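The values are calculated or read from the model by the stated rules, or taken from the named source; none is laboratory data. This structure is a prediction, so every number in the text was calculated from the model and none was measured. Cβ placement follows ideal geometry from the backbone for every residue including glycine, while neighbour counts extend to all protein chains displayed. These area figures cover heavy atoms from the full protein model, side chains too; ligands, DNA and RNA do not enter into them. Shrake-Rupley method; radii C 1.70, N 1.55, O 1.52, S 1.80 Å.
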Amino acid sequence: MRTGVVIAGTDTDVGKTVFAAALVAALDGQYWKPVQCGLADETDAEIVERLSGLPKDRILPEVYRLTTPASPHLAAERDGIEIEVDRLAAPAGERPLVVEAAGGLMVPLTRRFLQIDLIGRWKLPVVLCSATRLGTINHTLLSIEALQRRAIPLIGVAFIGEEQADTERTIAEMGNVRLLGRLPHIDPLTSATLRTAFDQHFDRADFAVDVSP
Ligand SMILES: Nc1ncnc2c1ncn2[C@@H]1O[C@H](COP(=O)(O)OP(=O)(O)OP(=O)(O)O)[C@@H](O)[C@H]1O
Ligand SMILES: [Mg+2]
């Protein structure tokens, strides 16, 4: 089976795409966002192409490109389709795969199937992205519990935002989870500044997980 990680988040808008762009560059891998909701602005795949600095062929095409920036189940309904989860199997390939999940873990892909159910099928370990903002202890501990309940392997938590030392400590202790690092707010955010920040705050070896049976 292919090596790779799933970039999941405690919520939408926590910084999964930015973190995934940094990680896929560091791993010299391929990026895949299987379900994109919202096409009016730059898509996540386009952002990763810009911020990773990787060639275009490292950005795999989405399986579903849905018009509405909403939960996938609803965005699909608005486009008059239902997501077929069997079409969302992880693609084969040699390079490490960095998959970005849609929204948070309990986001519905259909009215019967959650994002976390699909993560369980992929058999890839998860990096949980958490913003350091207020509310994150609750969101992060709930997400960890949901992953544990389904026996989905968690590499650890990647924080995004300004330092909140007690928040990080509390999550590490009460969630019994590994802290992988914290990506600070980067301004200006470019492929070069992102790469430098990732190298300063994370160890690429933490993500080189071999999931061969
Ligand atoms: N480290 C950072 N420095 C500066 N800006 C950031 C950073 N991380 C994220 N952002 C900004 O925060 C916003 C949300 O980030 P991002 O799109 O990565 O979130 P997401 O979790 O992928 O959201 P979605 O659930 O929509 O996929 C974006 O405008 C992004 O540019
Ligand atoms: Mg995203």
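Which residue is surrounded by the most Cβ atoms within 10 Å (Cβ to Cβ), if the candidates are limited to the stretch 88-138 and must be of a type in the set (D, E, K, R) and in a helix (DSSP H, G or I)? By that ranking, first place goes to D117. Taking residues in the stretch 116-131 that are farther than 16 Å from V157 by Cα, and partners anywhere that are open to solvent by 10 Å² or more (accessible area, probe 1.4 Å) and modelled with pLDDT under 95, the pairs with Cβ atoms closer than 8 Å and at least 6 places apart or on different chains are K123/M1; K123/V211.
Residues are listed down the side, and each one gets a yes or a no for (1) under 14 Å from the mean Cα position of the chain (by Cα); (2) among the basic types (K, R):
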site	(1), (2)
D11	yes, no
A20	yes, no
Y31	yes, no
R50	no, yes
I59	no, no
R65	no, yes
S71	no, no
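Consider L141 carefully, then state whether it is modelled with pLDDT of 95 or more and either touching a strand residue (DSSP E or B) at 6+ places or on another chain (Cβ under 8 Å) or open to solvent by less than 10 Å² (accessible area, probe 1.4 Å) (or both). Against the criterion (modelled with pLDDT of 95 or more and either touching a strand residue (DSSP E or B) at 6+ places or on another chain (Cβ under 8 Å) or open to solvent by less than 10 Å² (accessible area, probe 1.4 Å) (or both)), L141 does not qualify.
The conditions are (1) out of contact with any Lys or Arg (no Cβ under 6 Å at 6 or more places or on another chain); (2) at positive phi; (3) not in a loop (DSSP other than H, G, I, E, B), and G156 fails exactly one of them. Which is it? With (1) out of contact with any Lys or Arg (no Cβ under 6 Å at 6 or more places or on another chain); (2) at positive phi; (3) not in a loop (DSSP other than H, G, I, E, B) applied to G156, the lone miss is (1). Look at the stretch 79-90: where a residue is more than 9 Å from L109 (Cα to Cα) and a partner is polar (S, T, N, Q) and surrounded by 12 or more Cβ atoms within 10 Å (Cβ to Cβ), sitting 6+ places away or on another chain with Cβ atoms under 7 Å, you get D79/T67. One residue stands out in the stretch 32-76 among those that are among the β-branched types (V, I, T) and within 19 Å of V5 (Cα to Cα): the one that is farthest from ligand 2 (Cβ to nearest atom), namely V63. The residues of the stretch 157-176 that are open to solvent by less than 40 Å² (accessible area, probe 1.4 Å) and either more than 23 Å from G104 (Cβ to Cβ) or under 17 Å from the mean Cα position of the chain (by Cα) (or both), listed by number, are V157, A158, F159, I160, G161.
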